[in-house]
1. Looking only at region 1-50, filter to residues that are farther than 18 Å from LEU64 by Cβ and of a type in the set (Ser, Thr, Tyr); which one of those is least open to solvent (accessible area, probe 1.4 Å)?
2. How many of the residues in region 35-55 are among the aromatic types (Phe, Trp, Tyr) and under 10 Å from the mean Cα position of the chain (by Cα)?
3. Criterion first (without any contact (Cβ under 8 Å) to a residue 60 or more places away in the chain, part of a loop (DSSP other than H, G, I, E, B) and either in contact with a Lys or Arg (Cβ under 8 Å, 6 or more places away or on another chain) or of a type in the set (Val, Ile, Thr) (or both)) does ILE58 satisfy it?
4. In region 12-23, is there at least one residue being out of contact with any helix residue (DSSP H, G or I) (no Cβ under 9 Å at 6 or more places or on another chain) and at positive phi?
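The values are calculated or read from the model by the stated rules, or taken from the named source; none is laboratory data. All of these numbers come straight from a predicted model, not from anything done at the bench. Neighbour counts are summed over all protein chains in view; Cβ atoms, including those assigned to glycine, are modelled from backbone coordinates with ideal geometry. With ligands, DNA and RNA removed, areas are computed over all heavy atoms of the protein, side chains included. Shrake-Rupley method; radii C 1.70, N 1.55, O 1.52, S 1.80 Å.
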Amino acid sequence: MEVDFKNILKDFLEDNNLTQVSFAKTIGVKQSQVSEWLKGKAKPGYDILKRMAIAFNISADYFLGISESY
């Protein structure tokens, strides 16, 4: 079963005790953008996905739903 990005991000934030604001600051986007992702209204592009993976030192496969662990 394919997992939506919004659920992957929600779980990641909860598992790492991150707020939308702290996550946004870490990857260099506005909190409102993270909110849109969590609502399922938008998804990050390649450049932002890459920043997420680098900032948190995890594989982009996790955020893409390819891997269940980071």
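1. SER35
2. 1
3. For ILE58, the condition - without any contact (Cβ under 8 Å) to a residue 60 or more places away in the chain, part of a loop (DSSP other than H, G, I, E, B) and either in contact with a Lys or Arg (Cβ under 8 Å, 6 or more places away or on another chain) or of a type in the set (Val, Ile, Thr) (or both) - is met.
4. yes
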